[in-house]
Amino acid sequence: MPAKSRFTKLDAFTKTVEDARIRTTSGGIVTIVSLIVVFFLAWGEWQDYRRIEIHPELIVDKGRGERMEIHLNVSFPRVPCELLTLDVMDVSGEQQHGVQHGVVKTRLRPLSEGGGVIEAKALALHARDEEAAHLDPNYCGPCYGAAPPVNAQKPNCCQTCDEVKEAYAAQAWAFGRGEGIEQCEREHYAEKLDEQRNEGCRIEGGVRVNKVIGNFHIAPGRSFSNGNMHVHDLKNYWDTPVKHTFTHEIHHLRFGPQLPEGLAKKLGKNKALPWTNHHVNPLDNTHQETDDVNYNFMYFIKIVPTSYLPLGWEKTWQGFKDQHHKELGSFGQSADGSLETHQYSVTSHRRSLSGGDDGSEGHKERLHAKGGIPGVFFSYDISPMKVINREERPKSFLGFLAGLCAIVGGTLTVAAAVDRALFEGGMKLKKLRTKDL
């Protein structure tokens, strides 16, 4: 028996001869409609295959020895820049007193003059305007009984007023206006202080910290450690004819890199995503008012590490690079588009350092302790859980092909049934009309 006849018996698709086929107008219309339906459904299936979904998942954060960037922009309309100090400390024992890198202090005009910008100054150790270039090269400024600072321009000397202030802070001595100190008198420190009494200040920039529990605060006066206590020299803050208060506005505060605008739009399309509900920095555009000189604002922040992994990041990822040497602001971003940042929630508390209760707010049962440092304090805690937002396709290419076959097969099957019903109905109507005739 020929090989062809063996497969002929297995043919499940029997054919009809051309003479046995009947073409009808209704069949042509059903065919056109079915083709349109197939094209429309196939296009939808293709769009669904090309669609990218973002799936959030929660895992235990197993990172070790990581660091984190804090970016802030805060205005104080009633405290001059000369009095403000930014300090950072954490439970690991690391302290950054009077942060002088990555931060810009901008002097602001008094509120009565509109609060405009006077001058912006990037803080840096041994800035050009602090160098005593006009002095004799052999000059060695006295430190007035204090030990010279370790990072002095000239070893064992205090060449500038700032170095004397730093030496005094290391000894936990009050500094005051610098009367009788030749470096400060030469730099007209007291005159500059009086000139800025009515000004405000905006502090903006970023600092890099250990990814552990810690706090940072903006308070008046030079800071120093006295035993286990963190202390500020408040003499120039209190002894002044002008009333300073810590009324402030937080323009922006975030932990980690800024969410790119394109990614924010992509995430914002899905209302159910946790990122879109919580990633907006809740302290942005926060305004707090007080008329009390001795007033303390505290923000308790809970930080949740968050990752965004774009589609195909596994193929381009070549291992972690040493990100600790990247420029400030790029920490947490990779060339493959992945992003390591942080979401946070916050609760706030405010109190007068003179003690008392919240009777003015209708809560006399709330009693405040006396003492403390005036200023704005941010205490942050790191969550042990981590949120990962991963881009994924809802179906594979094989799934797309299976869906396409189902569309074509299902549509043609339904179309065949409709065409058969129309044909049978038409034939019955013809028979009825023939009988009537």
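Hey, among the residues in segment 379-418 that are part of a helix (DSSP H, G or I) and exposed (fewer than 12 other Cβ atoms within 10 Å of the Cβ), which one's farthest from the chain's Cα centre (by Cα)?
Here is the first cut: in segment 379-418, the ones part of a helix (DSSP H, G or I) are 397-418.
Still in the list and also exposed (fewer than 12 other Cβ atoms within 10 Å of the Cβ): 397-398, 405, 409, 413, 417.
On the way: Phe397: 35, Leu398: 38, Cys405: 45, Gly409: 50, Thr413: 54, Ala417: 58 Å.
The selected residue is Ala417.
Summed over segment 187-221, residues that are without any contact (Cβ under 8 Å) to a residue 12 or more places away in the chain and under 24 Å from Tyr144 (Cα atoms) total 3.
One residue is enough: does segment 214-226 have a residue meeting the conditions farther than 12 Å from Leu83 by Cα, more than 35 Å from the chain's Cα centre (by Cα) and at pLDDT below 85? Show your work before the answer.
At the first step, the residues of segment 214-226 found to be farther than 12 Å from Leu83 by Cα are 214-217, 224-226.
In the following step, the residues that additionally are more than 35 Å from the chain's Cα centre (by Cα) were identified as none.
No, segment 214-226 contains no residue that is farther than 12 Å from Leu83 by Cα, more than 35 Å from the chain's Cα centre (by Cα) and at pLDDT below 85.
Quick check, is Thr31 more than 30 Å from Glu391 (Cα to Cα) and either at pLDDT below 80 or in a loop (DSSP other than H, G, I, E, B) (or both)?
Answer is no for this residue.
Would segment 343-356 turn up any residue that is assigned to a loop (DSSP other than H, G, I, E, B), open to solvent by 30 Å² or more (accessible area, probe 1.4 Å) and modelled with pLDDT under 70? The answer is no; no qualifying residue exists.
Please find, within segment 154-188, the residue that is modelled with the lowest pLDDT out of those that are buried (at least 19 other Cβ atoms within 10 Å of the Cβ) and either farther than 20 Å from Leu86 by Cα or among the polar types (S, T, N, Q) (or both). Don't jump to the end; show me each part of the working.
Restricting attention to segment 154-188, the residues satisfying the condition of being buried (at least 19 other Cβ atoms within 10 Å of the Cβ) are 158-169, 175, 178, 181, 183-184.
Filter again for either farther than 20 Å from Leu86 by Cα or among the polar types (S, T, N, Q) (or both), leaving 158-160, 178, 181, 183-184.
Numbers: Cys158: 87, Gln159: 82, Thr160: 85, Gly178: 77, Ile181: 85, Gln183: 81, Cys184: 85.
Among residues in segment 154-188 that are buried (at least 19 other Cβ atoms within 10 Å of the Cβ) and either farther than 20 Å from Leu86 by Cα or among the polar types (S, T, N, Q) (or both), the one modelled with the lowest pLDDT is Gly178.
Having 3 or more residues that are out of contact with any helix residue (DSSP H, G or I) (no Cβ under 8 Å at 6 or more places or on another chain) and under 22 Å from Ile70 (Cβ atoms) is the bar; report the strands (runs of 3 or more DSSP E) wholly within segment 199-259 that clear it. Walk me through how you get there before you give the answer.
Working: elements: 200-210, 214-220, 223-226, 229-232, 248-255.
Passing ranges, in order: 200-210, 214-220, 248-255.
In segment 50-75, the residues that are over 28 Å from Arg393 (Cα atoms) form Cβ pairs under 8 Å with partners that are among the hydrophobic types (A, V, I, L, M, F, W, C) and open to solvent by 40 Å² or more (accessible area, probe 1.4 Å), at six or more places apart or across chains, as follows: Glu69/Leu328. A search for C-beta distances below 6 Å between a residue of segment 106-121 that is within 12 Å of Phe76 (Cβ to Cβ) and any residue that is at pLDDT below 85 and small (Gly, Ala, Ser), counting only pairs 6+ apart in sequence or on different chains, returns Thr106/Ala120; Leu108/Gly115. Scanning segment 419-434 for residues that are of a type outside the set (Gly, Ala, Ser) and surrounded by fewer than 16 Cβ atoms within 10 Å (Cβ to Cβ) turns up Arg420, Phe423, Glu424, Met427, Lys428, Leu429, Lys430, Lys431, Leu432, Arg433, Thr434.
When segment 240-249 is filtered for residues that are in contact (Cβ under 8 Å) with a residue 60 or more places away in the chain and out of contact with any Ser or Thr (no Cβ under 8 Å at 6 or more places or on another chain), the ones remaining, listed by number, are Lys243, His244.
The values are calculated or read from the model by the stated rules, or taken from the named source; none is laboratory data. Worth saying up front: this structure is predicted, and the values here are computed from it rather than measured. Glycine also receives a Cβ, built like all others from the backbone with ideal geometry; neighbour counts cover every protein chain displayed. Remember, those area values only see protein heavy atoms, side chains included, never the ligands or the DNA or RNA. Shrake-Rupley method; radii C 1.70, N 1.55, O 1.52, S 1.80 Å.
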